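Take a look at the structure below.
The values are calculated or read from the model by the stated rules, or taken from the named source; none is laboratory data. On a predicted model such as this, the values are computed, not experimentally measured, just so you know. A quick note on method: Cβ atoms are made from the backbone with ideal geometry, for glycine too, and the neighbour counts reach across all protein chains shown.
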Amino acid sequence: MAAGSELEKHQMSTAEVLVECLKAEGVKIVFGIPGEENLDLMFALKHSDIRFIPTRHEQGAAFMADVYGRLTGHAGVCLATLGPGATNLVTGVADAFLDGAPLVAITGQVSSELMQFTSHQYLDLSAMFSPITKRSKVVMRPDTVAEICRLAFKYAEAPKPGATHIDLPKNVAHMPSPARPLRKQTPPALYADPASVIEAARLISEAKNPLILVGAGAVRGNASEAVRSMAERLHIPVAQTMMGKGVIPTDSPWRLGVVGIPQHDYIIDAFDEADLVIGVGYDLIECAPTKWHTHPMKIVNIAGLPADVNQYYEPNVEVTGDISDSIYQILRTARRDDKPEPTAMLEVGRRLREDFDELAASDAYPMKPARILKDVRSVMGRFDILVSDVGAHKIWIGRDYPCYEPRTCLISNGFASMGFSVPGAIAAKLVHPECRVLAVTGDGGFMMNSQELETAVREHVPFVTLIWEDEHYGLIKWKEEEQFNDTFGVGFTNPDFKAYAEAMHCHGYEVTSADELVPTLEAAFANEDAPSVVVVKVDYSENMALTERLREAYSK
């Protein structure tokens, strides 16, 4: 029997139609927490083949939906009730909005006839979510639910993805609805104007020292192979943003390093040499151009959408369309056979690799950040996934963690929210159960969403969390030391993390020397029955040591 005939057997409620719409969009999992105002939706989900994963906090649900969207390209879905349930979603929804991750948030709401009053737990959620979503709509009539849902997914999964929001009042959810799911359209591929391709090829051919700057849009656009071809065929070095890591592999001779750490790093020397920067999927939110636009230079922007601009990022030409196709079209006419090798720029990449190797050689305990990353890399396969939280460790991961493929090092660097890694790792393991998944977090960020370990245990999602312990909000301490040569308000105490993990029915490990980290991680990854938590003490005196080393290098 046809699907349409099945739906016509009885008049479905608005909540049931919404679930049919989610199925039509290809939704497999919904993350969230039930409440009184979304019970009709909950029981519609119960009678569907969509998997509902109850989380321990709505923020965790939103981060799971965020990472699900990053890895699949299809909107992750999170669900909450009204009031505090909805406000708890905000951080994760904002993260998806600014980081460009496709996400649809659904909230319950008071009955529509109560919205004009001061009602228990009532907030104007559409107004609240509007600044942090691409579209926020209330389902005020049962016949509009399919249209609202289709548009929510269309906007969320657009060429520049992001978050959208659907608010479903309690009484409307229960009402019969004549609506039926709208057909999901496949958006047409958009290709660049040939004139812009020709002009970009001319600028690239004429430049003495061009440099490619790769951002998150190249990851979303699956443009890694095209970028690698451009680098190799035209002999152009490649820098990456933190969210563009892996587009060019660490072992490529054309890979320079990552822009975006707060300090003036060696990689800026390469930009100092550049007379042309080719932004490929680069978004200003990832790394402000003021950090690398150090002198007059020309800019070519290659992206799926027109660039955001400011006085430091004003492209001479924009090549707007499918990124891979744009690059291959440019390669048909661009020629750099008569140009010298970019030896000065490539020296920057060599310096960064040597710097990492030197710092990673230490056997000291507490462990140096670079040594931790070297050991982590040794146990992670090329396609395994590291999910970084936000803190001092993120700076080290962004700068130094060797990365070989896109979507294997997930870093929130648009909204940059602490608490991202543990729920994000759960979603990553659900999407890629064949991969090792490692959440790397500080002790501050871990305690913000550690409750989701119970979710992972209950849902049988085995991954490993590596906690860098120093009993401080390490990144803020680092900034205070740089600015004030002093610290304030950044210290705290911790539980026994090993015992904490075991109390959550996880496997707990505590590393007590540098040579224990690799075998401990291997043992943790061998556990397939439950998540594992590994705690290692980190020597963050290396933060200011890096600052001083860079200051000394650039004060001459």
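Below is a table of values for the structure above.
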read-out	value
Flag for Gly76 being touching a residue at least 60 places away in the same chain (Cβ under 8 Å), over 18 Å from Gln451 (Cα atoms), crowded, with 19+ Cβ neighbours inside 10 Å and of a type in the set (Gly, Ala, Ser)	yes
Complete set of residues in the stretch 306-356 that are among the hydrophobic types (A, V, I, L, M, F, W, C) and at pLDDT below 95	Ala307, Val309, Ala344, Met345, Leu346, Val348, Leu352, Phe356
Meets criteria (in the same structural domain as Glu471 (by TED's automatic domain parsing) and either more than 20 Å from Ser513 (Cα to Cα) or not β-branched (Val, Ile, Thr) (or both)) for Lys339	no
Among residues of the stretch 49-67, those that are among the acidic types (Asp, Glu) and under 19 Å from Asp99 (Cβ atoms), counted	2
Subset tally (residues that are surrounded by fewer than 24 Cβ atoms within 10 Å (Cβ to Cβ) and either within 22 Å of Gly304 (Cα to Cα) or touching a residue at least 24 places away in the same chain (Cβ under 8 Å) (or both)) for the stretch 227-237	6
Residue in the stretch 376-392 that is under 21 Å from Ile476 (Cβ atoms) and either surrounded by fewer than 22 Cβ atoms within 10 Å (Cβ to Cβ) or in contact with a Pro (Cβ under 7 Å, 6 or more places away or on another chain) (or both) present	no
Within the stretch 1-114, helices (runs of 4 or more DSSP H) holding 1 or more residues that are in contact with a strand residue (DSSP E or B) (Cβ under 6 Å, 6 or more places away or on another chain) and assigned by TED's automatic domain parsing to the domain that holds Ala156	39-46, 58-72, 84-99
Conditions (1) surrounded by fewer than 24 Cβ atoms within 10 Å (Cβ to Cβ); (2) touching a residue at least 12 places away in the same chain (Cβ under 8 Å); (3) under 30 Å from Met242 (Cβ atoms): number failed by Pro131	(2)
Lone qualifier among Pro159, Pro188 - being over 25 Å from the mean Cα position of the chain (by Cα) and assigned to a loop (DSSP other than H, G, I, E, B)	Pro188
Elements of type helices (runs of 4 or more DSSP H) in the stretch 390-484, at least 2 residues being farther than 28 Å from Leu546 by Cβ, aromatic (Phe, Trp, Tyr) and in contact with a Cys (Cβ under 8 Å, 6 or more places away or on another chain)	none
Residues within the stretch 274-290 that are assigned to a helix (DSSP H, G or I) and surrounded by fewer than 18 Cβ atoms within 10 Å (Cβ to Cβ), tallied	1
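A quick yes/no check of all residues on (1) within 22 Å of the chain's Cα centre (by Cα); (2) part of a strand (DSSP E or B); (3) closer than 30 Å to Lys479 by Cα; (4) not hydroxyl-bearing (Ser, Thr, Tyr):
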site: Pro181; (1), (2), (3), (4): no, no, no, yes
site: Lys184; (1), (2), (3), (4): no, no, no, yes
site: Ala200; (1), (2), (3), (4): no, no, no, yes
site: Leu213; (1), (2), (3), (4): yes, yes, yes, yes
site: Ala231; (1), (2), (3), (4): no, no, no, yes
site: Asp251; (1), (2), (3), (4): no, no, no, yes
site: Leu256; (1), (2), (3), (4): yes, yes, yes, yes
site: Ile268; (1), (2), (3), (4): no, no, yes, yes
site: Phe271; (1), (2), (3), (4): no, no, yes, yes
